[in-house]
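Some notes on the structure that comes next.
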Amino acid sequence: MSETPEPWQWPERAWRRHVEAVRAGRRLVPQQWPGGARVAVALSFDPDHETIPLRDGETSPGRLAQGEYGARVGAGRVLELLAEHRVPATFFMPAVSALLHPAEARDYASEPHEIGVHGWIHERNTLLAREDERDLLARAMESLAEITGVRPTGIRTPSWDFSESTLDTIRELGFAYDSSLMADDEPYEIVAEGEPTGIVEIPVDWIRDDAPYFTMDRYGSVRPHTRPRDVLEIWVDEFDAAYRAGGVFQLTAHPHVIGHRSRLVVLRELLDHIRAHGDVWFATHAELADAARAEATRLDTAGATS
Ligand SMILES: [Zn+2]
């Protein structure tokens with residue numbers, strides 16, 4: 001009877017070690033947003049397309065076609081809507097998706113948008129050895145840089161998963177920010193084992209993601225049951241509260257999910273609602289991370305002189 005202790009048997013140092021590995025540090029909300037705006041809005045889209053079935057080894061044309069819709073139909077609709085509203089967005093694109101759709105990747109890397117790393121093939125990083133995860137992220141970064149001519153500075157891990165070595169890898173590869181964790185509504189500094197890392201986190205949440213509301217799995221027991229217009233109401237409430245707080249409204253959507261006709265309505269009406277407020281700073285995730293980093297510098301300076 002000498003098995004590994006169960007979590008309820010762990011000594012305090014064990015559960016503390018897990019919790020302290022990756023933690024939220026200082027909240028980094030500037031005293032004022034650029035242009036005197038009241039709120040910052042950071043929209044993101046993850047053009048996963050065919051990589052979701054591929055990473056699970058599901059290669060049937062039927063499954064792949066669901067992802068293909070994102071490239072063939074959804075992506076164009078999203079880009080068009082953003083152009084109509086003249087707002088930027090960040091596109092976290094798996095490298096395999098960018099290799100399949102290079103022209104689309106170049107659109108994402110062009111002004112006013114930003115392209116970011118989103119894994120190689122949307123791999124499940126928590127199942128990978130440290131070297132394999134690092135190798136895939138390094139190759140993903142290189143591929144996006146080669147295809148688009150732009151070196152990404154930000155990362156969103158596939159499915160927002162963080163393995164025990166993800167943070168180390170992000171630091172080693174020199175990313176300026178991450179957008180995969182959920183410890184706050186506002187940007188913060190990532191702390192590792194009590195030490196600030198200098199890496200900015202632009203937090204996400206499943207509430208502000210289209211996938212949990214709409215994703216359909218033929219053989220799963222859970223079916224989408226939320227009306228698109230109910231999702232609009234949730235996102236409007238999220239934005240309104242961010243506006244009142246003077247903080248950040250961050251959104252994650254997927255061209256193959258939100259790009260359908262009855263769902264694009266949600267994005268269109270959300271943008272109409274946000275745009276009805278004059279004092280909004282629309283930023284890419286990289287621009288938002290820069291503003292957060294400037295706030296960190298200000299706090300450091302204020303701390304040093306007080
Ligand atoms: Zn994804």
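Where a number appears in this text, it was derived from the coordinates with a stated rule and is not lab data. Given the structure is predicted, the values throughout are model-derived calculations rather than measurements. Positions of Cβ are backbone-derived with ideal geometry, glycine not excepted, and every protein chain shown enters the neighbour counts.
Cα centroid distance between the range 238-306 and the range 125-150, in Å?
That distance is 27 Å.
Sort the following peptides by mean Cβ neighbour count (other Cβ atoms within 10 Å, averaged over residues), highest first: 93-102, 140-149, 191-200, 5-14.
93-102, 140-149, 191-200, 5-14
Out of residues 5 or more away from VAL280 or on other chains, whose amide H comes under 5 Å of its own, with H placed 1.01 Å from N in the peptide plane?
ARG38
Report, in debye and to the nearest 20, how large the dipole of the range 21-93 comes out about its Cα centre when Lys and Arg carry +1 and Asp and Glu carry -1 on their Cβ.
For this selection, approximately 560 debye.
Roughly how big is the range 22-305's charge dipole about its Cα centre, with Cβ charges of +1 (Lys, Arg) and -1 (Asp, Glu), in debye to the nearest 20?
That gives the range 22-305 a dipole magnitude of about 680 debye.
Which whole-number value in Å³ per residue fits the convex hull of the alpha carbons of the chain?
Looking at the chain, the number lands at 166 Å³ per residue.
Just need the relative contact order of the range 20-93 here, percent rounded to a whole number, with Cα pairs under 8 Å and 6+ apart.
Once divided by the residue count of the range 20-93, the mean separation gives 38 percent.
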